[in-house]
1. Which of the trypsin sites (Lys or Arg not before Pro) found in segment 72-126 are in a DSSP loop and have at most 14 neighbouring Cβ atoms, other than their own, within 10 Å?
2. Please express the Cα-Cα pair-distance distribution P(r) of segment 81-229 as a list of whole percents, one per 10 Å bin, running from 0 to the bin with the greatest distance.
3. What translational diffusion coefficient, in µm²/s and rounded to a whole number, does the Stokes-Einstein relation yield for segment 96-138 at 4 °C and a viscosity of 1.567 mPa s, taking the hydrodynamic radius as the Kirkwood radius over Cα pairs?
Amino acid sequence: MDNKNMIEYGLWGGIPLVVLLCAAAYIFSTADENNTLDRKVSALHNQYGKLYSNNTSWVPAKEAKHTISYSLAAQEMALQKTEATLLGTLPLDFRGTNYNTAAFVLTNTLTEIKNNSERKSVTIPNNLLFAQGIDRDPNIFSLQLTQLHLYNSAMRGMISSASTIASADMGPVYRDTQNRYAIFSCDVVCSGSFESMHTLITDFTNRTDGIGLHTFSLKKSPQRDQLNLMELSMTLTLIVAMQEGWDITNTFVVPATPDHVVTETESETVLPTPPTRPAITPPATTPNIQATPSTRRRSR
């Protein structure tokens, strides 16, 4: 065999060997890529398993996206329904942006409170809210008008049922963490018969104009001249949409679950949870302190 034939046979034998080597290199590189992908898939599978330990919760991405969209729409509808039920709308008179108009509303409101109390012979505190006037800053007096609306509603309700109004003081003003709502509070103390106090509690509980009863306490009046009367302490609240320009620093937090505990800080206050309202039962009849003639004879 001459050299020419040997070279030709060597070329024909070497070409398949090169092809086999290239194919083997490609297969091994592809195997490495597949192993890498398998490890990534396995890691994702393990992570998914940790998030959804219950196999029945595993759902395809398309179905999960549809479920999330449906849940979001349901939550938005529930929010709108809740706002329509709980969020108050201020009367037109209490939404003034002009100082003179606001001062006129304040004067008329306080005058009406005094006249109603005199007409019904109900004792009210001497110092009424904003009796010295309101601020001239539009952002401040608009907030004060909202407080006046809650105060006026509280006084009107008590004047219609109570015989004496011991105090009516505005409490702190809060906002939510997203600056969507503002909540105003008013602490009041009044006294009257058990039936009238029960009616007052029911009226404020059933209101649907944004004003509601947050907490209350009912007990016998401590005044010696009011032994047959009940003393009612209430915290009333008003929830309205947050207005631009209101400088409210206190925030309120609603716990996500009953077991969730939020630490109270100086800038973040947790409103107390209203206690479970017990059934209101009339008090026992107060005994007559003055003895009758027959009683005196037996005591001798």
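Read-outs throughout are calculated quantities, based only on the coordinates presented, and are distinct from any laboratory measurement. A quick note: this is a predicted structure, and the numbers were derived from the prediction, not measured. Backbone-built Cβ (ideal geometry, glycine too); neighbour counts: all protein chains shown.
1. 120
2. For segment 81-229, the binned pair fractions read 10, 38, 35, 15, 3 percent.
3. Values: Rh = 11.4 Å.
Rounded, D is 113 µm²/s.
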